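What follows is a short report on a single structure.
The values are calculated or read from the model by the stated rules, or taken from the named source; none is laboratory data. All values derive from a computational prediction rather than experimental measurement. Every residue, glycine as well, gets a Cβ built from its backbone with ideal geometry; the counts of neighbours run over all protein chains shown.
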Amino acid sequence: MIKVVIIEDEIPARNKLKRFISELELPVELVAEIDTVEAAVEVLKNSAVDLIFSDIELLDGNAFEIYDQISITCPIIFITAYDQFWMNAFESNGIEYLLKPFTQDRFKKAWDKFLMFKKSDFKENEVLTKLQQLLSNNQLEKESKKRFTVNSHGGIYFLNTKDIVFFEADEGIIFAVDIFGKKHLLNKSTLKDIEALLNPSEFFRINRSQLVHKQHVERVERYNKNTLAIQMKGFQNHLITSQGNSAAFRKWAEE
């Protein structure tokens, strides 16, 4: 019996994975379905699994926070929204992924590679190590968005990304807050949509509803034991990191 864990916060993607897994010839036990970094750490500390399907952006942070906290010795098939240019680079290094929206054929290809890993002596997670190196060394650069189009009653205007202090989601609506403290209504539906367009070395998602620009971070203070208060340029109120993102934010901010 092959034991599998799914770490994915998007229900449609999770359901698709479960359906494809149920149609495999080999018997598979789904050990857990997880949508947060915190829950994943707890489950994986106490469970022996053969394979992890892992999204990268989760409800409370980045999946790499999981693998920084605990040692993983099984293969990981990443589920990502990155563009095909990035994925070709990953694949050339033998890294497994499912690019959203993924097909059953693509799932089967990733699964077959897992079976090859399973037959070999897989003592170290080469997939994770290579992906972390590529990301941390910025060897994979995607073209980031230079400006956003904003619709208004008088027509459309453009907001330069460099002038955006942070992005904010408020009851399903996405705003960009500029250096003057003005809010601009964007036509994107989620922060994930925004995040996919930005350079990760310049922007960081500090919690479920806010994405900050490193250039405009003026000061960081401890808010409580597990969270940080961030003072953004030209903005009076502090922004607060989530517990799961605090350590990763501090590391990102110091780079």
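Descriptive notes on the structure:
- Where residue 204 falls short, out of the listed (1) outside any strand (DSSP E or B); (2) closer than 16 Å to residue 238 by Cα; (3) under 20 Å from the mean Cα position of the chain (by Cα): (1)
- Conditions (1) surrounded by 15 or more Cβ atoms within 10 Å (Cβ to Cβ); (2) touching a strand residue (DSSP E or B) at 6+ places or on another chain (Cβ under 8 Å); (3) in a loop (DSSP other than H, G, I, E, B): number failed by residue 197: (2)
- Filter result for the condition that a residue is touching a residue at least 24 places away in the same chain (Cβ under 8 Å) and in a strand (DSSP E or B), over 29, 65: 29
- Selection within the range 154-192 - of a type outside the set (Gly, Ala, Ser), outside any strand (DSSP E or B) and within 15 Å of residue 210 (Cβ to Cβ): 171, 186, 188, 190, 191, 192
- Pairs with Cβ under 7 Å, 6+ apart, first in the range 208-223 and assigned by TED's automatic domain parsing to the domain that holds residue 236, second of a type in the set (Lys, Arg) and surrounded by 15 or more Cβ atoms within 10 Å (Cβ to Cβ): 211/205
- If you go through the range 233-255 and keep only what is modelled with pLDDT of 85 or more and touching a helix residue (DSSP H, G or I) at 6+ places or on another chain (Cβ under 6 Å), you end up with 233, 241, 248.
- Some residue of the range 117-139 being in the same structural domain as residue 21 (by TED's automatic domain parsing) and at pLDDT 80 or above: no
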